[in-house]
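Asker: One structure, pasted below without further comment.
The values are calculated or read from the model by the stated rules, or taken from the named source; none is laboratory data. Only a predicted model underlies this, so the values are computations on that prediction, with no experimental measurement involved. A quick note on method: Cβ atoms are made from the backbone with ideal geometry, for glycine too, and the neighbour counts reach across all protein chains shown.
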Amino acid sequence: MFDTKKHIYIMTTSLPYTYGGRTSALLQRGRLLTEKVRNINKVTLVTTNYNPDYEYIYEDYREKKSVNKKMDFLNMYNDLRWNDNHEIKNNYQSYLEKELGQSYYAIPKKGKEHITVYYKNGVPLLHTSFNTKTNRMGHVEIYASLGDKFKKRLYIDKDGNFHRIRYFNDNLKENIVRDVFIDRDYNPYITKEFVYKNGELAVDRFILFKEDHTSEVFSNEKDLMRYWFDQFLKDGNIVINDVRHLDRPLLNVTSNIKRVFQIHGPHLSEPNNLSSVTKKSFRYLFEHISNEQDIIVSLTNGQKENILEKHPHLSGKIRVVPHCISGKPAIKEKLVEPNKICIVSRLVKLKRIDQAIIAFNNLLKLKPNCVLEIYGKGEEEENLRKLVNDLGIGNSVKFRGFTNDPSKVFSTSAMFLMTSELEGFGLTVLESVFNGCPVISYDITWGPSDIINSNNGILVDNGDIEGLTKAMYTLLETPKKRKEVGEIDIKFTQGYFLKEWEKMLS
């Protein structure tokens, strides 16, 4: 019998400062389960990646109310660390004093003023690098005896403390040897050793050092994860896993736990080709899930049917529960700017924002008073800004950065464009229609077609830029009734979502 009165563990690899749909969905699930389900009084968000800034990220989540008081955090590297003394600050300064003594010269590096090289007896011993983006000290490089190659690099966290040391072999071109993770008293707790295979850096093994002076060796990070899961997961615990990277270690834990595997993205190697094979990242889950109490959750019926077509032995193991929308919609029937079009998205290649910009440029020839506002950040921003400048439409396209209030964006926009190459569901599509903002989206597998209908938007053939332009023109000429746009199907409501999750976790 699984007791939900203790608490639920929600597993993911990382929790970033700025996050997209998957993280938004798991945070919402955690809040709803602790606030609305009587028998669940605690949710722990578990991460397995290394991030020295997690304490600040946790604080940021609490301030923004991304989590509630019944939710807490657990990270693998932080948990395996020996000393978590937050009173220690700027230990890199005492290290420099010890290394350099009193007689040294600090000289800015020519052409790189953020780097200061420290000389002693006329020879460079080390340099410090100031990170101008984060406005804090980034790392210290210790030179090898020749003074022109690095022996080790010590990384500095927000509190000015060393947290990781990277060692180099200065005699080799492919010279990264190992990373050593240290606590604030310089105690090493994990070493990650590297090898080069065909010129590519690869992990050779992980070594865990314990405070009792024993150690464990793991051939890969997933084995380390499984070991760590076994340290805190007990019989009867319930785990919800949101990422495929953690499937194998979770399926191999020794305790008798209930596992719910949430699928967020397409399982197909070619997402828009229903006949393509299953992605490698999904195969371990589909081939090894066997315990009677374990469940796979899909966001759409279409995905469930395709999985069962390829893996019929999973019949009875897959449930369909879409994301839900909660809160009060901000529907405005009359817009102040009826020609404003919005995009809310990470600015990455996968989202194909360039196609939306090209389609909008074509629209301007028909509707010159339109404005496109793009909300989000990402590595493609510079390229997208260049495209806008090259097209000469800088006065009509505005980059607004990341927004913490997408509802306000949707409630004041005439329509929302989504040009993603693939989506597991498309939570922003649901958020948009909930707030009365019609959606124009490529008809991709799966997600948008589960939400968009003739009352709330237009589906365009995948990759059809001309079709995007025509759809925008249509909605501007014949606007949807925003109150009707906001009438969502019962399967997307909070009540349905909670009823289904409560059944799965019972």
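Asker: Could you list all residues from region 380-419 that are under 21 Å from the mean Cα position of the chain (by Cα), part of a loop (DSSP other than H, G, I, E, B) and modelled with pLDDT of 95 or more?
Answerer: Glu380, Thr419
Asker: I would also like to ask the following. Mind counting the residues in region 437-487 that are closer than 26 Å to Lys334 by Cα, over 27 Å from the mean Cα position of the chain (by Cα) and part of a loop (DSSP other than H, G, I, E, B)?
Answerer: Final tally of qualifying residues: 10.
Asker: Same structure, new question: Among the candidates Gly265, Gly316, single out the residue that is of a type in the set (Gly, Ala, Ser), closer than 25 Å to Gly30 by Cβ and in a loop (DSSP other than H, G, I, E, B).
Answerer: Exactly one residue qualifies, and that residue is Gly265.
Asker: Considering only residues that are part of a loop (DSSP other than H, G, I, E, B) and over 11 Å from the mean Cα position of the chain (by Cα), which ones fall in region 2-24?
Answerer: If we filter region 2-24 for residues that are part of a loop (DSSP other than H, G, I, E, B), which is where we start, we get 2-7, 12-20.
Residues satisfying the conditions are Phe2, Asp3, Thr4, Lys5, Lys6, His7.
Asker: Go through region 311-329 and give me each residue that's surrounded by fewer than 17 Cβ atoms within 10 Å (Cβ to Cβ) and more than 19 Å from Leu498 (Cα to Cα).
Answerer: Pro312, His313, Leu314, Ser315, Gly316
Asker: Ok, one more. Report whether or not Val460 is of a type in the set (A, V, I, L, M), surrounded by 17 or more Cβ atoms within 10 Å (Cβ to Cβ) and farther than 23 Å from Gly265 by Cβ. Can you show your working first?
Answerer: On the way: of a type in the set (A, V, I, L, M): yes; surrounded by 17 or more Cβ atoms within 10 Å (Cβ to Cβ): yes; farther than 23 Å from Gly265 by Cβ: no.
Judged against the criteria, Val460 is not a match.
Asker: Filter region 480-492 for residues that are among the β-branched types (Val, Ile, Thr) and surrounded by fewer than 16 Cβ atoms within 10 Å (Cβ to Cβ) and give the result. Walk me through it before giving the result.
Answerer: As a first pass, look at region 480-492 and keep what is among the β-branched types (Val, Ile, Thr): 485, 488, 490.
Result: Ile490, single match.
Asker: Separate question: Filter region 67-88 for residues that are surrounded by 12 or more Cβ atoms within 10 Å (Cβ to Cβ) and out of contact with any helix residue (DSSP H, G or I) (no Cβ under 8 Å at 6 or more places or on another chain) and give the result. Please lay out each step first, then the result.
Answerer: Taking region 67-88 first, the residues surrounded by 12 or more Cβ atoms within 10 Å (Cβ to Cβ) are 67-68, 70-83, 88.
Passing the criteria: Asp72, Tyr77, Arg81, Trp82, Asn83, Ile88.
Asker: Another question about this same structure. Given Ile318, Ile358, Ile341, which one is in contact with a helix residue (DSSP H, G or I) (Cβ under 8 Å, 6 or more places away or on another chain) and closer than 22 Å to Thr493 by Cβ? Let's see the steps before the verdict.
Answerer: Working: Ile358 fails: closer than 22 Å to Thr493 by Cβ; Ile341 fails: closer than 22 Å to Thr493 by Cβ.
It is Ile318.
Asker: Go through region 275-307 and give me each residue that's out of contact with any helix residue (DSSP H, G or I) (no Cβ under 6 Å at 6 or more places or on another chain), surrounded by fewer than 17 Cβ atoms within 10 Å (Cβ to Cβ) and within 29 Å of Tyr442 (Cα to Cα).
Answerer: Ser275, Ser276, Val277, Lys279, Lys280, Arg283, Asn301, Gly302, Glu305
Asker: Gly101 - would you say it is surrounded by fewer than 16 Cβ atoms within 10 Å (Cβ to Cβ) and more than 19 Å from Leu154 (Cβ to Cβ)? Write out each step before concluding.
Answerer: Details: surrounded by fewer than 16 Cβ atoms within 10 Å (Cβ to Cβ): yes; more than 19 Å from Leu154 (Cβ to Cβ): no.
When the stated conditions are applied, Gly101 does not pass them.
Asker: Consider region 483-498. How many of its residues are among the basic types (Lys, Arg) and at pLDDT 95 or above? Spell out how you get there, then give the answer.
Answerer: Going through region 483-498, the residues among the basic types (Lys, Arg) turn out to be 483, 491.
Right, trim to at pLDDT 95 or above and you get none.
Number satisfying all stated conditions: 0.
Asker: Continuing with the same structure: Hey, can you tell me all the residues within region 283-294 that are under 16 Å from Pro249 (Cα atoms) and either among the β-branched types (Val, Ile, Thr) or not in a helix (DSSP H, G or I) (or both)? Working first, answer last.
Answerer: Taking region 283-294 and keeping what is under 16 Å from Pro249 (Cα atoms), we get 283-291, 294.
Ile289, Ser290, Asn291, Asp294 - these are the residues of region 283-294 that are under 16 Å from Pro249 (Cα atoms) and either among the β-branched types (Val, Ile, Thr) or not in a helix (DSSP H, G or I) (or both).
Asker: Return the total of residues in region 121-153 being at pLDDT 85 or above and closer than 26 Å to Lys89 by Cα. Outline the logic, then answer.
Answerer: Initial filter on region 121-153 (at pLDDT 85 or above): 121-132, 135-143, 151-153.
With closer than 26 Å to Lys89 by Cα added as a condition, the list becomes 125-132, 135-143, 151-153.
Going through region 121-153 one residue at a time, the tally reaches 20.
Asker: Just to verify a result, which residue in region 197-223, among those that are closer than 19 Å to Ile176 by Cβ, modelled with pLDDT of 95 or more and not in a strand (DSSP E or B), is nearest to the chain's Cα centre (by Cα)?
Answerer: Ranking the qualifying residues of region 197-223, first place goes to Glu221.
Asker: I'm trying to understand the selection: among the residues of region 25-51, which are over 16 Å from the mean Cα position of the chain (by Cα) and either of a type in the set (A, V, I, L, M, F, W, C) or closer than 30 Å to Phe206 by Cα (or both)?
Answerer: Leu32, Leu33, Val37, Ile40, Val43, Thr44, listed by residue number.
Asker: Out of Pro322, Pro312, I need the residue that is over 24 Å from the mean Cα position of the chain (by Cα) and not charged (D, E, K, R). Which one? Show your work before the answer.
Answerer: Numbers: Pro322 fails: over 24 Å from the mean Cα position of the chain (by Cα).
After ruling out the rest, the residue left standing is Pro312.
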